[in-house]
Amino acid sequence: MRLTVREVLELPEVSRGRPRVRAGSDALDGEVRWVHVSELADVAGTLSGGELVLSIGVVLAEPDTDFRAYVASLHASGAAALLVELGRHVSELPEGLVQAA
């Protein structure tokens, strides 16, 4: 049984973190095939589609990260969604990332 992005966000273990959708709300009903952790700026070669990508924001905190290229890489690889934990590396999502998404 596969879950949708929406259903993953509603799981008690996830909802306790109070996730907030900042972009792509029209894709919440996409199926999640797998969960993948990545801090790579170009993740396209490591995914095969349907992954829920988890990040602690390392790549987002790098000053030379091209947010448009990063989002394009996620999209090209067929990622279902990107979830970023705010905290040590980023306290909020960079606006450039939100706009690119």
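With a 1.4 Å probe and all protein chains left in place, how much of the accessible area of the chain comes from carbon and sulfur atoms, in whole percent?
Its accessible area is 51 percent carbon and sulfur atoms.
Would you pull out the residues with amide H under 5 Å of H36's amide H, same chain only if 5 or more places away, H placed 1.01 Å from N?
Hits under the 5 Å cutoff: L52, V53, L54.
Could you tell me the center-to-center distance, by alpha carbons, between region 64-92 and region 1-24 in angstrom?
Rounded to whole Å, the Cα centres lie 16 Å apart.
Taking Cα pairs under 8 Å and at least six residues apart, what relative contact order does the chain come out at, in percent?
28
With no solvent and one point per C-alpha, what does the Debye sum give as log10 I(q)/I(0) for the chain at q = 0.10, 0.11, 0.18 Å⁻¹?
-0.24, -0.29, -0.83
Counting only heavy atoms of protein chains, what accessible area per residue, in Å², does the chain have with a probe of 1.4 Å?
65
With n ≥ 4 as the cut-off for DSSP H runs, can you work out [θ] at 222 nm for the chain, using -39500 (n - 2.57) per run divided by the number of residues, rounded to the nearest 500?
-6500 deg cm²/dmol
The values are calculated or read from the model by the stated rules, or taken from the named source; none is laboratory data. Please read all numbers here as calculations on a predicted model, not as lab measurements. The protein model used for the area step is the full one, side chains on, heavy atoms only, and it has no ligands, DNA or RNA in it. Shrake-Rupley method; radii C 1.70, N 1.55, O 1.52, S 1.80 Å.
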